[in-house]
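Encoded as structure tokens, the structure appears first; notes follow it.
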Amino acid sequence: MKVGYRQLLEAANSSIATLDAAEVRDLMDRGEIVLVDLRDIRELERDGQIPGAVHCPRGMLEFWIDPESPYHKPIFSEPRRFVFYCGSGWRSALSTKTAQDMGLTPVAHLGGGFKAWREAGFPVEAIPKA
């Protein structure tokens, strides 16, 4: 294998903005970001979600961002700052790089992901099972 996930993560992290949980909480409290949860629905149902986050399954991100896609979601056309998160910060780092490459700016990700958020003691809301 020429490039593995570690190399992809290293490349992504070298070119994207990473915020810690306290920075994300502050930006949320000021209404300055759209927080995007990339985790699978089973993760949300099991662990909960950061209050106010928009759920975008990782596999749909490119399609929801691109205005030419039949799956485009208008929220991604709003002139807002987007902060992505996942379970531990890996998927969100790659997603932030992808979103940035697609022209969605400004973007950042929550370093350490949902795990870092919970460890900081910040609120989590339960997601009912479908």
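General remarks:
- For Thr18, the residues whose amide H sits under 5 Å from its own are His109, ignoring neighbours fewer than 5 places away on the same chain, with H placed 1.01 Å from N.
- Within the stretch 8-99, the proportion of Cα pairs with more than 19 Å between them is 41 percent.
- With Rh defined as the Kirkwood radius, the inverse of the mean 1/r over Cα pairs, the Rg/Rh of the stretch 1-50 is 1.08.
- Helix content alone sets the calculated 222 nm mean residue ellipticity of the chain: runs of n ≥ 4 DSSP H residues at -39500 (n - 2.57) each, divided across all residues, give -10000 deg cm²/dmol.
- Rounded to the nearest 20, the Cβ-based charge dipole of the chain about its Cα centre (Lys and Arg +1, Asp and Glu -1) stands at 320 debye.
- Table column - 3J(HN,Hα) (Hz), the stretch 113-123, Karplus curve with 6.51, -1.76, 1.60, x for Gly and Pro: x, 4, 4, 5, 4, 5, 5, 6, x, 7, x
- J(HN,Hα) series, the stretch 72-80, from Karplus relation 6.51 cos²θ - 1.76 cosθ + 1.60, nearest Hz, glycine and proline x: 3, 10, x, 4, 7, 9, 6, x, 10
Taken together, the values in this text are just the output of simple stated rules run on the coordinates, not laboratory data. Since the model is a prediction, treat every value here as computed from it, not as a measurement. Counting neighbours? That spans all protein chains shown, and the Cβs are built from the backbone with ideal geometry, glycine included.
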